[in-house]
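One structure below.
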Amino acid sequence: MKHTIIYELKQLLYPDDIKCIVCGREIIPNRYGLCNKCKIELNENYCLCCGRHKVGVGDYCDECADMSVHFDEARSAVNYVDNAQNLVLRLKFGNSPYLAEYMSRYMLDTLLFTDWDIDCITFVPLHKTRRRKRGYNQAELLAAALAEYTDKPCSALLEKTVVTPTQARSNREERLKNLRGTFSVIGKPPRHLLLIDDVLTTGSTVDECSRVLKKAGAKVVYVLTFASVPERPFLDKPTQNIRDFRR
Ligand SMILES: [Zn+2]
Ligand SMILES: [Zn+2]
């Protein structure tokens, strides 16, 4: 069938194969790839050190108040909950590298709010066996997209030399201990770096990467992730226990 000019024009303006990256509903193309029903929770009240959503009124989350880190500042665009969590998991395990283009736009918005002076963008590496299995490194895709938007160079400066088991249940200190010595630096890093990862959990991965980058000569390491695990309210657990008890 031959399409009319009106149809062709409509397709150009509102192509019907563009879908919401969360629910898959057809949408009018937009910057974040979302329909008007799907929301992503932006990370607005963040810790000035690790960048994750904090609970208290102070400048830092509870962990950063007691611990020093090797990176200079970290920020993350959104909270690792609901739809953001879904996107991270699909980017990582769902063979959906195209999501990086949309997710990196949230990161760019966050980056534009900082006063960071950056020479080069780099990313948290995957061990080569994991990268081979997945076909890509999600942090590298996010870093490459940001490099394109900001016109900064993007280099692979780190290598993961040892596979570490998933550490979902460990705290920052335990993770740091397990990660120690598992990254090495390739060549001499530029002075001012932006280190990219998809999600910040306790911050131990980017901390260890920053430690080795600085040891190799980097002066400043900023960290930017798409999402971060928000700090839990102090009363979370006791409240839950009280509820359970009453039931
Ligand atoms: Zn949607
Ligand atoms: Zn913090």
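Only one residue in Gly51, Gly94 is open to solvent by less than 20 Å² (accessible area, probe 1.4 Å) and either under 30 Å from Ile27 (Cβ atoms) or not assigned by TED's automatic domain parsing to the domain that holds Thr182 (or both). Which one?
Exactly one of Gly51, Gly94 is open to solvent by less than 20 Å² (accessible area, probe 1.4 Å) and either under 30 Å from Ile27 (Cβ atoms) or not assigned by TED's automatic domain parsing to the domain that holds Thr182 (or both), namely Gly51.
List, please: which pairs have Cβ atoms under 7 Å, are six or more places apart or on different chains, and start with a residue in region 22-33 that is on the phi > 0 side of the Ramachandran plot and end with one that is more than 16 Å from ligand 2 (Cβ to nearest atom) and part of a loop (DSSP other than H, G, I, E, B)?
If the second residue must be more than 16 Å from ligand 2 (Cβ to nearest atom) and part of a loop (DSSP other than H, G, I, E, B), the pairs left are Gly33/Cys20; Gly33/Ile21.
Considering region 60-82 alone, what residues qualify as being farther than 12 Å from Val199 by Cα, open to solvent by less than 40 Å² (accessible area, probe 1.4 Å) and more than 10 Å from ligand 2 (Cβ to nearest atom)?
Listed by number, the list holds a single entry, Phe71.
Could you list, in sequence order, the residues of region 129-140 that are open to solvent by less than 50 Å² (accessible area, probe 1.4 Å) and under 21 Å from His192 (Cα atoms)?
Ala139
Residue by residue, here is whether (1) under 18 Å from Thr225 (Cβ atoms); (2) part of a loop (DSSP other than H, G, I, E, B) holds:
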position	(1), (2)
Pro29	no, yes
Asn36	no, yes
Ile40	yes, yes
Gly56	no, yes
Tyr60	yes, yes
Val78	yes, no
Ala84	yes, no
Leu87	yes, no
Arg90	yes, no
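Picking from Asp82, Asp115, which residue would you name as being on the phi > 0 side of the Ramachandran plot and without any contact (Cβ under 8 Å) to a residue 60 or more places away in the chain?
Of the residues listed, the single one that is on the phi > 0 side of the Ramachandran plot and without any contact (Cβ under 8 Å) to a residue 60 or more places away in the chain is Asp82.
So is Glu140 more than 20 Å from Tyr80 (Cβ to Cβ), among the acidic types (Asp, Glu) and either modelled with pLDDT of 95 or more or in the same structural domain as Glu231 (by TED's automatic domain parsing) (or both) or not?
no
The values are calculated or read from the model by the stated rules, or taken from the named source; none is laboratory data. What you see is a predicted model, and the numbers here were worked out from it, not measured in a lab. Virtual Cβ from ideal backbone geometry, glycine too; neighbours counted across all protein chains shown. Side chains included, ligands, DNA and RNA excluded: accessible areas come from the protein's heavy atoms. Shrake-Rupley method; radii C 1.70, N 1.55, O 1.52, S 1.80 Å.
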